[in-house]
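To start, the structure itself, in structure tokens.
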Amino acid sequence: MTVKVKANANIALVKYWGKREPKLNLPAVGSISATLDNLNTETEISIATSGNDEIIYNGKPANEKEYGRISNFLNSFRKEFGVKDFFSINTINNFPSGAGLASSASGFAALAAGVNKISNTRISDRELSILARKGSGSAARSIFGGFVEMKTGEGVDSHTDYAEQIAPANHWDLSVVILVTSGKQKKISSTDGMNATAYSSPYYNSWISSSKFDLYEAKKAIKQKDFEKLADVTEFSTLKMHGLAMAARPGIIYWNGTTLDLINEVKDMRTAGSPVFFTIDAGPQLKIFTPSENVTKIKDHFSDRNGIETIIVSGIGDGVKIVE
Ligand code: PMV
């Protein structure tokens, strides 16, 4: 039997940055994201007969780093649920991997749902989000569609930190225009960046204490479909996260020159009355949110621009699905 799963990536509006407990991947702060319908991972899983996990990643045998991360996740799944099988996995992303476009979010959400199905462990969506979180913090959010909140608990209990839907995909007709300024793999992974920041950035404690209010405001803005408010809190959370990382020692800068030019341009466009705001994850890509009716105009505005390699447009998408 082969199980085929499809999971969408998500983009954070209120950012997750920092781990309360690195081993269990417990986030230090809650976060809020939108699931995207056009950036996804498709994963096929069957039971391996070789006595090892077999992993094909984007059409090639997984390299050591990719294999290690995925098989660690599978080991923790086997241990927790008493599963004995090894898996044969073929996983493919329809967008650049490891470039700050949330490929680990869609990747681990698909994997969690896939192993749950093929091993018949029948866990709830909440437990699935806890499982996906162990692969990548942001993957917990990709289990659900629409607008999603990742909750943090306290202490070192794995079961207090999971995602929940705030509103379904059709709640608010927004789209995202993703300006890819470099499809290359980032030099510093999110995990390394977070750990270095927690260890050395003098702003880390203020980041944690100020995040609760960001979550409150973003949730309210989403429920009330208040674009200006969501723009304000999203850009605040984005720049705060990057400022925090830049203040690590040595400083971590995920942007390039084009990212900075685009930040200024989006701000100017909004001041001039255009309904746009940006967010940036751990990479140099700018993601512009806008009402869907505006999306072609925004895409055309940035096409043929020096420094932008590709433009990807996406709507808000659904949660993880078993396709076959
Ligand atoms: O899920 P991770 O470990 O790749 O971390 C994601 C971190 C950010 O994308 C920068 C922020 C977020 O909330 O997704």
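The values are calculated or read from the model by the stated rules, or taken from the named source; none is laboratory data. These figures come from a predicted structure and were not determined experimentally. Glycine also receives a Cβ, built like all others from the backbone with ideal geometry; neighbour counts cover every protein chain displayed. The accessibility values were calculated without ligands, DNA or RNA, using every heavy atom of the protein model including side chains. Shrake-Rupley method; radii C 1.70, N 1.55, O 1.52, S 1.80 Å.
From the list 23, 60, 65, which residue is under 30 Å from residue 210 (Cβ atoms), over 18 Å from the mean Cα position of the chain (by Cα) and open to solvent by 40 Å² or more (accessible area, probe 1.4 Å)? First the steps, then the outcome.
Details: 60 fails: under 30 Å from residue 210 (Cβ atoms); 65 fails: under 30 Å from residue 210 (Cβ atoms).
Among 23, 60, 65, only 23 is under 30 Å from residue 210 (Cβ atoms), over 18 Å from the mean Cα position of the chain (by Cα) and open to solvent by 40 Å² or more (accessible area, probe 1.4 Å).
Which of the numbered conditions does residue 117 fail, given that it passes all the others? Conditions: (1) without any contact (Cβ under 8 Å) to a residue 24 or more places away in the chain; (2) among the basic types (Lys, Arg); (3) farther than 30 Å from residue 182 by Cβ.
(1)
Testing residue 322 on (1) β-branched (Val, Ile, Thr); (2) assigned by TED's automatic domain parsing to the domain that holds residue 226; (3) closer than 28 Å to residue 41 by Cα, one condition comes back false. Which one is that?
(2)
Being modelled with pLDDT under 95, closer than 30 Å to residue 285 by Cα, touching a helix residue (DSSP H, G or I) at 6+ places or on another chain (Cβ under 7 Å) and surrounded by fewer than 21 Cβ atoms within 10 Å (Cβ to Cβ): is that true of residue 104 here?
Values: modelled with pLDDT under 95: yes; closer than 30 Å to residue 285 by Cα: yes; touching a helix residue (DSSP H, G or I) at 6+ places or on another chain (Cβ under 7 Å): yes; surrounded by fewer than 21 Cβ atoms within 10 Å (Cβ to Cβ): no.
The answer is no for residue 104.
Of the numbered conditions (1) within 16 Å of the ligand (Cβ to nearest atom); (2) under 30 Å from residue 170 (Cα atoms); (3) open to solvent by 70 Å² or more (accessible area, probe 1.4 Å), residue 15 fails exactly one; give the number of that condition.
Single failed check for residue 15: (3).
Please specify each residue of the range 26-40 satisfying the condition of being away from the ligand (no atom under 11 Å from the Cβ) and surrounded by fewer than 23 Cβ atoms within 10 Å (Cβ to Cβ).
26, 28, 37, 38, listed by residue number.
Please work out if residue 190 is buried (at least 20 other Cβ atoms within 10 Å of the Cβ) and of a type in the set (S, T, N, Q). Spell out the reasoning first.
Numbers: buried (at least 20 other Cβ atoms within 10 Å of the Cβ): yes; of a type in the set (S, T, N, Q): yes.
Taking the combined requirement at face value, the residue satisfies it.
Yes or no: the range 129-142 includes at least one residue that is of a type outside the set (Lys, Arg) and more than 16 Å from the ligand (Cβ to nearest atom).
As a first pass, look at the range 129-142 and keep what is of a type outside the set (Lys, Arg): 129-132, 135-140, 142.
If we keep only those that are more than 16 Å from the ligand (Cβ to nearest atom) too, we end up with none.
So far as the range 129-142 goes, no, none of its residues is of a type outside the set (Lys, Arg) and more than 16 Å from the ligand (Cβ to nearest atom).
Considering only strands (runs of 3 or more DSSP E) fully contained in the range 1-106, which possess at least 1 residues that are under 20 Å from residue 241 (Cα atoms)?
Values: elements: 3-14, 19-21, 31-47, 54-57, 87-93.
Output list reads 3-14, 19-21, 31-47.
Looking at this structure, is residue 125 closer than 21 Å to residue 32 by Cβ and more than 16 Å from the ligand (Cβ to nearest atom)? Give the derivation first.
Numbers: closer than 21 Å to residue 32 by Cβ: yes; more than 16 Å from the ligand (Cβ to nearest atom): yes.
Here the answer is yes, as residue 125 does meet what is asked.
Would you list the strands (runs of 3 or more DSSP E) that sit entirely within the range 224-324 and hold 3 or more residues that are surrounded by fewer than 19 Cβ atoms within 10 Å (Cβ to Cβ)? It would help to see each step written out before you state the result.
On the way: elements: 277-279, 286-291, 310-315.
Strands (runs of 3 or more DSSP E) meeting the threshold: 310-315.
Which of (1) of a type in the set (Ser, Thr, Tyr); (2) out of contact with any Ser or Thr (no Cβ under 9 Å at 6 or more places or on another chain); (3) open to solvent by 40 Å² or more (accessible area, probe 1.4 Å); (4) more than 30 Å from residue 211 (Cα to Cα) is the odd one out, the single condition residue 119 does not satisfy?
Looking at each condition in turn, residue 119 falls short on (3).
Give me the pairs, please: first residue somewhere in the range 95-107 and among the polar types (S, T, N, Q), second residue anywhere and near the ligand (Cβ under 9 Å from one of its atoms) and modelled with pLDDT under 75, beta-carbon distance under 9 Å, and either six or more positions apart or on two chains.
Hits for this filter: zero, empty list.
Picking from 112, 99, which residue would you name as being open to solvent by less than 10 Å² (accessible area, probe 1.4 Å), more than 10 Å from the ligand (Cβ to nearest atom) and over 22 Å from residue 324 (Cα atoms)? Explain how you work it out, then say what you get.
Values: 112 fails: over 22 Å from residue 324 (Cα atoms).
Only one candidate passes the filter, namely 99.
Is it the case that residue 166 is open to solvent by less than 10 Å² (accessible area, probe 1.4 Å), modelled with pLDDT of 95 or more and either within 16 Å of the ligand (Cβ to nearest atom) or under 17 Å from residue 279 (Cβ atoms) (or both)?
Numbers: open to solvent by less than 10 Å² (accessible area, probe 1.4 Å): no; modelled with pLDDT of 95 or more: yes; either within 16 Å of the ligand (Cβ to nearest atom) or under 17 Å from residue 279 (Cβ atoms) (or both): yes.
Against the criterion (open to solvent by less than 10 Å² (accessible area, probe 1.4 Å), modelled with pLDDT of 95 or more and either within 16 Å of the ligand (Cβ to nearest atom) or under 17 Å from residue 279 (Cβ atoms) (or both)), residue 166 does not qualify.
Scan the range 186-223 residue by residue and report those that are assigned to a helix (DSSP H, G or I), small (Gly, Ala, Ser) and under 19 Å from the mean Cα position of the chain (by Cα). Lay out the reasoning, then the answer.
Residues of the range 186-223 assigned to a helix (DSSP H, G or I): 190-200, 204-223.
If we keep only those that are small (Gly, Ala, Ser) as well, we get 190, 193, 196, 198, 200, 206, 209-211, 218, 221.
190, 193, 211, 218 - these are the residues of the range 186-223 that are assigned to a helix (DSSP H, G or I), small (Gly, Ala, Ser) and under 19 Å from the mean Cα position of the chain (by Cα).
Which of the residues that make up the range 65-94 are without any contact (Cβ under 8 Å) to a residue 40 or more places away in the chain and either among the hydrophobic types (A, V, I, L, M, F, W, C) or within 14 Å of residue 44 (Cα to Cα) (or both)?
Within the range 65-94, 83, 86 meet the criteria.
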